[in-house]
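Asker: Quick one: the structure is below, questions incoming.
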Amino acid sequence: MARLYDSRKRILVTGGAGFIGSHLIDRLLEQGHEVICVDNLFTGTKRNIDHLHGHPRFELIRHDVTFPLYVEVDEIYNLACPASPVHYQHDPVQTTKTSVHGAINMLGLAKRLKCKVLQASTSEVYGDPAVHPQTEEYWGNVNPIGPRSCYDEGKRCAETLFFDYHRQHGLQIKVVRIFNTYGPRVHHADGRVVSNFIVQALRGDPLTIYGDGKQTRSFCYVDDLVEGLIRLMGTDSSVTGPINIGNPREFTILELAEKVIELTGSRSKLDWRPLPADDPKQRRPDISRARELLNWSPTVQIEEGLARTVPSLRERLVELGEMNQAVHA
Ligand code: NAD
Ligand code: UDP
Ligand code: UDP
């Protein structure tokens, strides 16, 4: 354990320069804790944590979690891993290494420190689900050899490691299965659907619909997710997860496109593209377990969440000189 002389904790957040990690760090600092952010800046950027530069309780270590890490902390949130299909398929071998070797190193660290460790797992462990909505009991329907497998199977193996360290070494683990999450700071070019649609609508470009647009997803606003992560970390050792955290309101991708067009007042049209391989047809979390064990449920609905996200992407496009000012004056 870290040796602080009051009730503050020293908390490690891997992947802390990423979209979700940077929001988590903001909340932990607000609560008065010390935060060590470990990130290799593969998909994350210093921009996400720029506002913390010089903060007395914040420290950034540029480090790749596939290598051992020796620090002294009280809690570990393991978020390091590219999350967008475009990013995690860019270097699939490194994606698997990040999930698997990264998990082993963070578990080894937690074992030495006898501290709690939380794993950011994913709804992708359910693959293209044959059970709907997805409960934590469902074992999933995952292709082990497809283009998404580096991520899906990497995250599944990480879950296995977490539960084996728990059974074999008595580690206090917390496994959270995160469903599609969005919000400010999501990278404008990361290829995920919410950022793609908003960026395309703001530029006046056509919105790219993959397949027939009838596949569904459920979108969770980042503040709600962060609240869920912190509540899960705060549970006693009997709560290991896995626990689904996500917003159970389900939309087709086409409905999402329509919402974004309406909200931005864009004149963008739709551009139909082929469906990527192994793209799940439907996804919606059953959050009964989160409600019961964490007293958690989402509070921000999609209309409000999108309205909070658009300004951050608009600002970014203006900075990059990519905003179609004529369409969106
Ligand atoms: P992100 O890409 O913005 O953040 C991931 C961060 O991890 C980045 O800052 C990246 O630089 C860092 N990273 C990647 N490989 C690393 C390595 N080897 N060593 C150190 N740092 C490394 O993605 P995000 O959306 O913030 O996702 C954070 C976590 O949540 C990921 O583990 C992801 O799998 C999980 N998750 C996210 C979603 C979502 O919808 N955003 C859904 C399910 C699960
Ligand atoms: N590890 C680490 N930091 C630590 C302790 C361990 O990065 O403070 C790494 C260590 O390098 C090892 C991994 O975590 O590769 C797993 O550690 P564990 O103690 O479970 O296994 P062992 O060291 O016996 O292989
Ligand atoms: N999608 C789309 N257009 C885009 C980006 C994504 O139609 O520009 C679709 C994609 O095929 C998938 C859904 O939106 O069905 C969510 O994709 P994302 O990459 O955001 O996340 P994931 O597939 O991992 O849930």
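The values are calculated or read from the model by the stated rules, or taken from the named source; none is laboratory data. On a predicted model such as this, the values are computed, not experimentally measured, just so you know. A quick note on method: Cβ atoms are made from the backbone with ideal geometry, for glycine too, and the neighbour counts reach across all protein chains shown.
Asker: Is at least one residue of the range 52-60 of a type outside the set (S, T, N, Q), within 22 Å of residue 94 (Cβ to Cβ), more than 16 Å from ligand 2 (Cβ to nearest atom) and at pLDDT 95 or above?
Answerer: yes
Asker: Return the total of residues in the range 89-128 being aliphatic (A, V, I, L, M), more than 11 Å from ligand 2 (Cβ to nearest atom) and within 25 Å of residue 71 (Cβ to Cβ). Break it down stepwise before answering.
Answerer: Restricting attention to the range 89-128, the residues satisfying the condition of being aliphatic (A, V, I, L, M) are 93, 100, 103-104, 106-107, 109-110, 113, 117-118, 120, 125.
With more than 11 Å from ligand 2 (Cβ to nearest atom) added as a condition, the list becomes 93, 100, 117-118, 120, 125.
In the following step, the residues that additionally are within 25 Å of residue 71 (Cβ to Cβ) were identified as 100, 117-118, 120.
Of the residues in that region, 4 qualify.
Asker: Something else about it: Inspect the range 105-114 for any residue being closer than 30 Å to residue 284 by Cα and either more than 9 Å from ligand 1 (Cβ to nearest atom) or surrounded by fewer than 24 Cβ atoms within 10 Å (Cβ to Cβ) (or both) and give the result as yes or no.
Answerer: Kept after step one, since they are closer than 30 Å to residue 284 by Cα, are these residues of the range 105-114: 106-107.
Keeping just the survivors that are either more than 9 Å from ligand 1 (Cβ to nearest atom) or surrounded by fewer than 24 Cβ atoms within 10 Å (Cβ to Cβ) (or both) gives 106-107.
Looking through the range 105-114, at least one residue is closer than 30 Å to residue 284 by Cα and either more than 9 Å from ligand 1 (Cβ to nearest atom) or surrounded by fewer than 24 Cβ atoms within 10 Å (Cβ to Cβ) (or both).
Asker: May I pose another question? Anything in the range 81-103 that is more than 15 Å from ligand 3 (Cβ to nearest atom) and in contact with a Pro (Cβ under 9 Å, 6 or more places away or on another chain)? List them, or say none.
Answerer: Within the range 81-103, 91, 94, 98 qualify.
Asker: Just the residues that are within 10 Å of residue 177 (Cα to Cα) and either free of Cβ contacts under 8 Å to residues at least 24 places away in the same chain or not charged (D, E, K, R) (or both), please, taken from the range 120-143.
Answerer: Quick first cut of the range 120-143, residues within 10 Å of residue 177 (Cα to Cα) only: 120-126, 136.
Within the range 120-143, 120, 121, 122, 123, 125, 126 meet the criteria.
Asker: Among the residues of the range 210-224, is there at least one that is under 30 Å from residue 171 (Cα atoms), outside any strand (DSSP E or B), in contact with a strand residue (DSSP E or B) (Cβ under 7 Å, 6 or more places away or on another chain) and within 16 Å of ligand 1 (Cβ to nearest atom)?
Answerer: Yes, the range 210-224 has at least one match.
Asker: What strands (runs of 3 or more DSSP E) completely inside the range 235-306 contain at least 3 residues that are loosely packed, with under 15 Cβ neighbours inside 10 Å? Even if it seems obvious, please write down each step before you answer.
Answerer: Working: elements: 243-245, 250-252, 270-273.
Per the criteria, 270-273.
Per-residue answers, yes or no, for (1) in a strand (DSSP E or B); (2) without any contact (Cβ under 8 Å) to a residue 12 or more places away in the chain; (3) within 16 Å of ligand 2 (Cβ to nearest atom); (4) on the phi < 0 side of the Ramachandran plot:
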position: 157; (1), (2), (3), (4): no, no, yes, yes
position: 166; (1), (2), (3), (4): no, no, yes, yes
position: 191; (1), (2), (3), (4): no, no, no, no
position: 195; (1), (2), (3), (4): no, no, no, yes
position: 198; (1), (2), (3), (4): no, no, no, yes
position: 205; (1), (2), (3), (4): no, no, no, yes
position: 228; (1), (2), (3), (4): no, no, no, yes
position: 232; (1), (2), (3), (4): no, no, no, yes
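Asker: Pairs needed: first member in the range 20-32, within 12 Å of residue 58 (Cβ to Cβ); second member anywhere, in a helix (DSSP H, G or I) and away from ligand 3 (no atom under 16 Å from the Cβ); C-beta distance under 6 Å; at least 6 residues apart or different chains.
Answerer: Once the first residue is within 12 Å of residue 58 (Cβ to Cβ) and sits in the range 20-32, its partners that are in a helix (DSSP H, G or I) and away from ligand 3 (no atom under 16 Å from the Cβ) give 22/48; 22/49.
Asker: Determine if the range 255-266 includes at least one residue that is among the basic types (Lys, Arg), modelled with pLDDT of 95 or more, farther than 26 Å from residue 205 by Cα and out of contact with any His (no Cβ under 8 Å at 6 or more places or on another chain). Lay out the reasoning, then the answer.
Answerer: At the first step, the residues of the range 255-266 found to be among the basic types (Lys, Arg) are 259.
Checking the rest, the ones that are also modelled with pLDDT of 95 or more come to 259.
Next cut, farther than 26 Å from residue 205 by Cα only: none.
The answer is no; no qualifying residue exists.
Asker: Oh, and also: Determine whether the range 80-89 contains at least one residue that is more than 20 Å from residue 26 (Cα to Cα) and polar (S, T, N, Q).
Answerer: Within the range 80-89 (the criterion being more than 20 Å from residue 26 (Cα to Cα) and polar (S, T, N, Q)), the answer is yes, since at least one residue qualifies.
Asker: Restricting to the range 120-168, and then to whatever is of a type in the set (Asp, Glu) and under 19 Å from the mean Cα position of the chain (by Cα), can you tell me which residue is modelled with the lowest pLDDT? Steps first, please.
Answerer: So the first thing to find is which residues in the range 120-168 are of a type in the set (Asp, Glu), and the list is 124, 128, 136-137, 152-153, 159, 164.
Okay, now just the ones that are also under 19 Å from the mean Cα position of the chain (by Cα), so 124, 128, 136, 152-153, 159.
Details: 124: 97, 128: 94, 136: 98, 152: 98, 153: 98, 159: 99.
Going through the qualifying residues, I end up with 128.
Asker: Does the range 23-38 include one or more residues that are within 12 Å of ligand 1 (Cβ to nearest atom) and closer than 18 Å to residue 175 by Cβ?
Answerer: We begin by selecting, within the range 23-38, every residue within 12 Å of ligand 1 (Cβ to nearest atom); these are 23-25, 37-38.
Subset that is closer than 18 Å to residue 175 by Cβ: 24.
Yes: the range 23-38 contains one or more residues that are within 12 Å of ligand 1 (Cβ to nearest atom) and closer than 18 Å to residue 175 by Cβ.
Asker: Moving to a separate point now. Considering 85, 129, which residue is within 22 Å of residue 287 (Cα to Cα) and in contact with a Gly (Cβ under 8 Å, 6 or more places away or on another chain)?
Answerer: On the way: 85 fails: within 22 Å of residue 287 (Cα to Cα).
Just one listed residue meets the conditions, 129.
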